[in-house]
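Read the structure below first, then the notes.
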Amino acid sequence: MRNKIRDPLLSGAKLIAALMIAVCIFAATMVTIGLGAVATIEQGRIIADLQAVGAPASGIWLIAAALLLIIALMAMGGLFFVRLLAVISSVGKGDPFEPANADRLAQMGWLALAGQVVILFLMGLAEWFGPYLEKAGRGSDLGFDFDIGAILLILVLFILARVFRHGAALREDLEGTV
C-alpha cells in the first residue's frame with residue numbers, strides 16, 4: 001500500500017476532470033433534447049428551412065446523423081475523462097504504475113482516435129451543409145477541424161500506456177525479489 005499524496009496540482013486536475021465529465025454529460029443531454037426536437041416538433045420547420053435554401057428535405061436525416069455523432073463524441077469525451085480521473089486518483093494514492101493505468105491510458109488513446117474519426121465525419125457533413133448555410137445567411141464554419149494536437153495526444157497516450165505497462169512490470173519484478 002502506498003502513501004496517499006496531497007498535492008494541489010492533483011486536486012486541481014481531479015476537479016477539472018470531474019467538471020469535464022459533467023460538461024460532457026450536460027452537452028450530450030442538451031444535444032439529445034435537440035435531436036428529439038428535430039425528430040418531432042421542429043421537423044416540419046427544419047424541412048421547410050432546408051427547402052427554402054435549395055437543400056433536399058432528406059437533409060434532415062443528415063442533421064439527425066450529425067446530432068447523433070455529436071452525442072457519440074460527448075460520450076467518448078466523458079469516458080475519456082472518467083479514465084483520466086481514475087489515473088489521477090491512482091497517482092494521488094501513490095500507486096501510478098499499476099497495470100490498470102496502462103490499460104486506462106491505452107483506452108484514452110483509442111477514445112481520442114475514435115473522436116478524431118467522428119470529427120472527420122462531422123467535417124464531411126459540415127462540408128455538405130456549408131453552401132446551404134451560406135444561402136441562409138449563416139456562416140458555413142461549423143467549428144469542426146483537423147487538429148494536429150489531437151494526433152500528438154493520441155501518440156503520447158499510446159506511448160505512455162507502454163511506459164506504464166513497463167513500469168508496472170518492473171515494479172512487480174522488484175517486489176518479487178524483495
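Derivation of every value follows stated rules applied to the coordinates shown; laboratory data play no part. All values derive from a computational prediction rather than experimental measurement. A quick note on method: Cβ atoms are made from the backbone with ideal geometry, for glycine too, and the neighbour counts reach across all protein chains shown.
By count of other Cβ within 10 Å, fewest leading, how are ILE148, ILE47 ordered?
Working: ILE148 7, ILE47 17.
Ordered from fewest to most neighbouring Cβ atoms within 10 Å, ILE148, ILE47 come out as ILE148, ILE47.
Neighbour counts of other Cβ atoms within 10 Å put ILE46, ILE63 in the fewest-to-most order ILE46, ILE63. Sorting LEU62, LEU160 from the fewest to the most surrounding beta carbons within 10 angstrom yields LEU62, LEU160.
Computed from Cα atoms, the angle from the helix 8-39 axis to the main principal axis of the chain rounds to 30 degrees.
Running a GNM on the chain with Cα contacts under 10 Å, which residue among GLY34, GLY78, GLY54 ends up with the highest mean-square fluctuation? Evaluated over the chain, the most mobile residue of the options is GLY54.
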